[in-house]
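Everything on this sheet refers to the single structure shown next.
What follows is calculated from the coordinates using simple rules that are stated; it is not laboratory data. Every value quoted in this text rests on a predicted model; they were computed, and no experiment measured them. Backbone-built Cβ (ideal geometry, glycine too); neighbour counts: all protein chains shown.
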Amino acid sequence: MVNAIKGIFITCDVPMAQFIVNMNASLPPSQRFIIHILDNTHMFVQPHVAEMIQSRITEFREQISYEKPL
C-alpha cells in the first residue's frame, strides 16, 4: 500500500533553507510544518504554511535590506 502526503516542494538557496528550517524548529512540535528535507536546497512542507513562509521571508528581507540615504 502506498502512503501519500499532500505538500509543497520548496527549492531555495542554502541560507534561505536554513532560515526555513530554523523557523520550523522554533515552533512547538505539534505545529512544525517540514515533512521532509531532501537536501540542502530542497524540502517538502505542509501546504497550509505556504503563505506564512512567504510572509516571514518578506519580513526578513525587509529587515536586512539596505537603502542608500538620499
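Which residue, of 62, 51, is more than 17 Å from residue 11 (Cβ to Cβ), without any contact (Cβ under 8 Å) to a residue 12 or more places away in the chain and under 12 Å from the mean Cα position of the chain (by Cα)?
Answer to the selection: 51.
Please note which strands (runs of 3 or more DSSP E) are completely contained in the chain and include at least 2 residues that are surrounded by 10 or more Cβ atoms within 10 Å (Cβ to Cβ) and of a type in the set (Ser, Thr, Tyr).
Because the criterion is at least 2 residues that are surrounded by 10 or more Cβ atoms within 10 Å (Cβ to Cβ) and of a type in the set (Ser, Thr, Tyr), no strands (runs of 3 or more DSSP E) in the chain meet it.
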